[in-house]
Amino acid sequence: MVNVPFAPFSRSDKLGRIADWTRNLNNPSNRRNNANDSVFDFTGDDSFAATLAADEDSSFRLVDGKPPPRPKFGPKWRFHHHHNNPSRHLPQRRDEEVEARKREAEKERARRDRLYHNNHRIGGGQHQRREAAVFKSSVEIQPEWNMLEQIPFSTFSKLSFSVPEPEDLLFCGALESYDRTYDRLTPKNERRLERFKNRNFFKVTTTDDPVIRRLANEDKATVFATDAILSTLMCSPRSVYSWDIVVQRVGNKLFFDKRDGSQLDLLSVHETSQEPLPESKDDINSAHSLSVEAAYINQNFSQQVLVKEGKKVSFEEPNPFANEGEEVASAGYRYRRWKLDNDMYLVARCELQSVLESNNQRQFLTLNALNEFDPKYSGVDWRQKLETQRGAVLATELKNNSNKMAKWTAQALLGGADMMKLGYVSRVHPRDHFNHVILGVVGYKPRDFASQINLNMANMWGIVKSIVDLCMKLNEGKYVLVKDPSKPQVRIYEVPADAFENDYVEEPLPEEEQAQPPTEDAANGLSSEISVAATDVEDKEITAVP
């Protein structure tokens with residue numbers, strides 16, 4: 001080939017450029033003594049003189065000087081002027097352009113996620129996550145208290161115990177009929193939540209119940225409790241907040257009590273959610289304020305959905321806690337007895353709120369209400385989703401209030417309710433915690449709902465049986481079960497006989513002086529003891545409650 005320049009090179013030489021179209025020969029600053037460039041620099045060759053001269057040929061015309069059209073859809077390329085390479089962000093090939101689009105999409109997705117979390121974190125995201133939140137104990141641990149046992153919740157998951165069909169000992173109180181019109185409520189035809197200030201509601205503990213005292217004197221059972229206390233024990237593995245139950249061993253009998261002003265009288269809100277609530281008690285969205293608000297909503301809801309001045313169903317005995325002529329809320333108390341062992345029986349007072357009669361059949365109902373306080377915390381607006389996506393609303397509530405809904409289901413099962421009604425009550429305005437509206441009411445069969453929320457009756461009775469067996473081994477006296485505020489475990493303390501009485505003064509105990517938990521070996525020994533307590537009945541089937 002004639003007049004074709006050839007530059008000799010060896011395999012060890014580094015290839016530089018084959019063709020450089022960015023080179024400006026008129027700029028002397030670009031002319032550097034680079035060995036890699038000089039190998040393929042033919043500008044000094046005489047054979048290229050005609051080629052360089054042809055560039056200045058007047059016959060050359062530029063057909064189109066416009067830049068290529070910008071794509072209507074696609075990544076918006078941002079050009080950053082860098083000193084070394086001004087075009088380093090431009091896609092050079094097809095695959096690079098595809099990768100660049102993916103990177104831009106990931107950046108946009110990350111930006112949307114940041115905006116979403118910033119909008120859903122009150123106070124600009126300054127609050128810590130729920131995992132790092134510090135909760136207070138429901139009762140102050142006193143210096144004279146002696147800690148006996150520590151039971152981790154992990155041991156409860158393996159327990160199983162079957163109880164036979166319970167026996168009804170006594171029915172007290174009177175029930176009013178449920179108003180079916182509330183089943184047709186929607187967010188579009190909501191009803192204002194009324195206030196029932198003249199009706200009295202009773203939250204009487206076990207040992208203050210005159211009927212239970214009478215049954216204890218008649219030796220009807222060995223263990224006595226209420227449905228609220230039993231449901232707290234049964235659903236304890238789901239609990240996050242601290243709670244406490246007083247245990248009294250009197251002779252061969254065992255009484256499970258609650259303190260005056262106990263947390264068991266209130267309803268937790270947002271307990272199992274991952275989003276933290278404001279810590280200040282004065283805030284209307286704090287845990288304590290929401291618990292009081294939820295208890296107030298449930299009381300009024302349970303009376304509003306009844307037939308006004310309708311027919312009442314009265315039982316064998318009147319309300320044991322009401323005075324003569326006193327207006328009381330619709331409530332029926334069902335005293336039931338379960339057989340725990342050959343010579344051990346448990347009696348519990350179970351509460352029902354309403355009755356429904358149709359086709360000469362009587363159905364007992366429990367009435368509870370879920371309350372929406374601020375959609376920013378749950379992420380679901382009931383007024384928009386309740387009518388079209390009720391399943392999504394229920395799933396969100398099960399995630400945020402797993403313990404509360406499990407306790408409601410356990411109480412319905414203990415009381416032998418045929419139906420449990422769940423109401424959806426929301427604030428008129430997120431900042432108004434006094435006025436509420438009922439958006440809807442849904443009914444569920446307790447056993448079907450228990451299977452939906454993964455609530456196992458055999459496991460719940462296994463927890464109760466293990467705690468009863470443990471307490472029956474204790475000496476006569478007073479004890480208290482306290483759920484640890486920061487760990488999934490419960491502790492048993494021996495307390496003085498006058499503890500929690502009116503003249504008993506509780507003094508805060510310095511943290512360094514509080515009783516320390518037992519060693520890990522002791523806890524493991526207790527775990528094995530609890531597991532053995534229910535091993536012999538682990539494979540039995542649980543009998544259906546009528």
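The values are calculated or read from the model by the stated rules, or taken from the named source; none is laboratory data. Nothing here was measured: the structure is a model prediction, and the numbers come from that model. Virtual Cβ from ideal backbone geometry, glycine too; neighbours counted across all protein chains shown. Surface accessibility is based on the protein's heavy atoms, side chains included, excluding ligands, DNA and RNA. Shrake-Rupley method; radii C 1.70, N 1.55, O 1.52, S 1.80 Å.
Here are a few things to note about the model shown:
- Residues in segment 234-277 that are of a type in the set (Gly, Ala, Ser) and open to solvent by less than 40 Å² (accessible area, probe 1.4 Å) were compared, and the one that is nearest to ILE463 (Cα to Cα) is SER236.
Residue by residue, here is whether (1) more than 17 Å from the chain's Cα centre (by Cα); (2) modelled with pLDDT under 90; (3) more than 29 Å from HIS433 (Cβ to Cβ) holds:
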{"residue": "LYS258", "(1), (2), (3)": "yes, no, no"}
{"residue": "GLY261", "(1), (2), (3)": "yes, yes, no"}
{"residue": "GLU271", "(1), (2), (3)": "no, no, no"}
{"residue": "GLN274", "(1), (2), (3)": "no, yes, no"}
{"residue": "GLU279", "(1), (2), (3)": "yes, yes, no"}
{"residue": "ASP282", "(1), (2), (3)": "yes, yes, no"}
{"residue": "ALA294", "(1), (2), (3)": "no, no, no"}
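- Within segment 466-478, the residues that satisfy the criterion of being touching a residue at least 40 places away in the same chain (Cβ under 8 Å), open to solvent by 10 Å² or more (accessible area, probe 1.4 Å) and either assigned to a loop (DSSP other than H, G, I, E, B) or not hydrophobic (A, V, I, L, M, F, W, C) (or both) are ASP469, LEU474, ASN475, GLU476, GLY477, LYS478.
- Selection status of TYR345, out of contact with any Cys (no Cβ under 7 Å at 6 or more places or on another chain), among the hydroxyl-bearing types (Ser, Thr, Tyr) and surrounded by fewer than 21 Cβ atoms within 10 Å (Cβ to Cβ): yes
- Test: residue in segment 401-420 that is part of a strand (DSSP E or B), closer than 18 Å to ASP448 by Cα and modelled with pLDDT of 90 or more: yes
- Test: residue in segment 370-382 that is aliphatic (A, V, I, L, M) and either crowded, with 24+ Cβ neighbours inside 10 Å or in contact with a Leu (Cβ under 6 Å, 6 or more places away or on another chain) (or both): yes
- Among the residues of segment 152-170, those identified as assigned to a loop (DSSP other than H, G, I, E, B) and surrounded by 16 or more Cβ atoms within 10 Å (Cβ to Cβ) are LEU159, SER160, PHE161, SER162, VAL163, PRO166.
- ASP381 touching a strand residue (DSSP E or B) at 6+ places or on another chain (Cβ under 9 Å) and either free of Cβ contacts under 8 Å to residues at least 12 places away in the same chain or on the phi > 0 side of the Ramachandran plot (or both): yes
- Flag if GLU190 is open to solvent by 60 Å² or more (accessible area, probe 1.4 Å) and in contact (Cβ under 8 Å) with a residue 12 or more places away in the chain: yes
- Of the listed requirements (1) assigned to a helix (DSSP H, G or I); (2) at pLDDT 90 or above, GLY173 misses just one: (1).
- The set of residues in segment 180-216 that are assigned to a helix (DSSP H, G or I) and more than 30 Å from the chain's Cα centre (by Cα) comprises ARG180, THR181, PRO210, VAL211, ILE212, ARG213, ARG214, LEU215, ALA216.
- All of (1) at pLDDT 90 or above; (2) touching a strand residue (DSSP E or B) at 6+ places or on another chain (Cβ under 7 Å); (3) more than 24 Å from VAL240 (Cβ to Cβ) hold for GLN304 with one exception: (2).
- Just one residue in the set GLU275, GLU293, GLU279, GLU309 is under 14 Å from GLU372 (Cα atoms) and among the charged types (D, E, K, R); that residue is GLU293.
- Spans of helices (runs of 4 or more DSSP H) in segment 280-390 with at least 2 residues charged (D, E, K, R) and over 24 Å from ILE212 (Cα atoms): 382-385
- Scope segment 482-500; condition in contact with a Leu (Cβ under 8 Å, 6 or more places away or on another chain) and surrounded by 20 or more Cβ atoms within 10 Å (Cβ to Cβ); matching residues: VAL490, ARG491, ILE492, TYR493
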